[in-house]
1. For the range 1-126, calculate the relative contact order in percent as a whole number, restricting contacts to Cα pairs under 8 Å that are 6 or more residues apart.
2. Which lysines, on any chain, are close to Lys182 with Cα under 25 Å apart, when same-chain ones fewer than 8 places away are left out?
3. If amide hydrogens are placed 1.01 Å from N in the peptide plane, which non-local residues have theirs closer than 5 Å to the one on Val78?
4. Farthest toward the dipole's positive end in the chain, which of Pro65, Ala241, Leu276, given Cβ charges of +1 (Lys, Arg) and -1 (Asp, Glu) about the Cα centre?
5. Can you tell me which of Pro108, Pro220, Pro188 moves the most in a GNM of the chain? Springs connect C-alpha atoms under 10 Å apart.
6. Just the number: Rg to Rh for the range 231-286, Cα atoms, Kirkwood Rh, two decimals.
7. Divide the volume of the convex hull of the Cα atoms of the range 94-175 by its number of residues and quote the answer in cubic angstrom per residue.
8. Please calculate how many Å² of accessible area the chain carries per residue, with a 1.4 Å probe and no DNA, RNA or ligand atoms counted.
Amino acid sequence: MPNTKELVRRIQSVKGTQQITKAMKMVAAAKLRRAQETITHARPWANTLAHVLANVAARTEFSHPLLEEHEGDKSWVVIISSDKGLCGSFNSNLVRTLEKKLISGQWPANTELAVVGRKASDFFRSRKWNLVIDERTVMASPSPDDGPRLGRQFMEAFTSGAVDEVWLVYNSFVNMIRQDVKIERLLPIEPPKVESEEDDSQVDYLYEPDVRTLLAELLPRHVETQVQKALYDSAAAEQAARMTSMDIATRNADDMIDALTMLYNRTRQAAITKELIEIVSGAQALEG
């Protein structure tokens, strides 16, 4: 049984760790509010752009390089993780899901990875997969320029014929305790389908500029928007996962402190009882 001094040191150590987890939870909560506002504002823009793209594409047979299916089988898989840990199974679920898909043959053996985030970079660097893009610091603070910049890299590789498909794999923010792994094809673009026949896509319009020019502008913007939305989605999901993880760690520290305090009281009581028995035994020996 440990002595009381050792138990006091352990209790103080756990209390110190608990203060750290409480502070990290508060920081994650503040960052989550900002990230949640950002993704809440970004989703309507992305959805509206997809809706406009669907309506325009439904009225024309215009072909664009970003819409063309390639005959090859070379794929890029873009995985978006976090730069930091202490967020539960946020990163492990993501990289394990992707690794399982890669091993199972969902993508060809010559598939290459475009990694965004330090954790996924560290994981796949030690594996056999080739990293064509390795962005290790973007997710520390995603900016509005990161999505368009990465999107242009993907579009350039696709239109040049260096790659035949580009896929996005990331954690999507659902709510405070749930983050879903999303796997979406980014390129070639599949124009979103009109939701119903009663939609206003059945009505044709006069365009200024013409449909060809409009689609040539909308399609690259759509790719950039989807990448930016995935970055914001992943950032919000990361902070939610970290806040939940730190909350669980704080409650576990409470339980550990209670258990250690009880053990300390029992150890102290046992020591006092032992001393009393020794005193009584000594007094009885002197009387005898």
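1. 25
2. Here the lysines satisfying the reach criterion relative to Lys182 are Lys31, Lys74, Lys84, Lys100, Lys101, Lys119, Lys128, Lys193, Lys229.
3. So Val78 has HN proximity to Ala114, Trp167, Leu168, Val169.
4. Leu276
5. Pro108
6. Ratio value, two decimals: 1.59.
7. Working: hull volume 9.4 nm³, N = 82.
Spread over its residues, the Cα hull of the range 94-175 gives 115 Å³ apiece.
8. Here the residues of the chain average 57 Å² of exposed surface.
The values are calculated or read from the model by the stated rules, or taken from the named source; none is laboratory data. Since we're looking at a predicted model, the values are computed, not measured. A quick note on method: Cβ atoms are made from the backbone with ideal geometry, for glycine too, and the neighbour counts reach across all protein chains shown. With ligands, DNA and RNA removed, areas are computed over all heavy atoms of the protein, side chains included. Shrake-Rupley method; radii C 1.70, N 1.55, O 1.52, S 1.80 Å.
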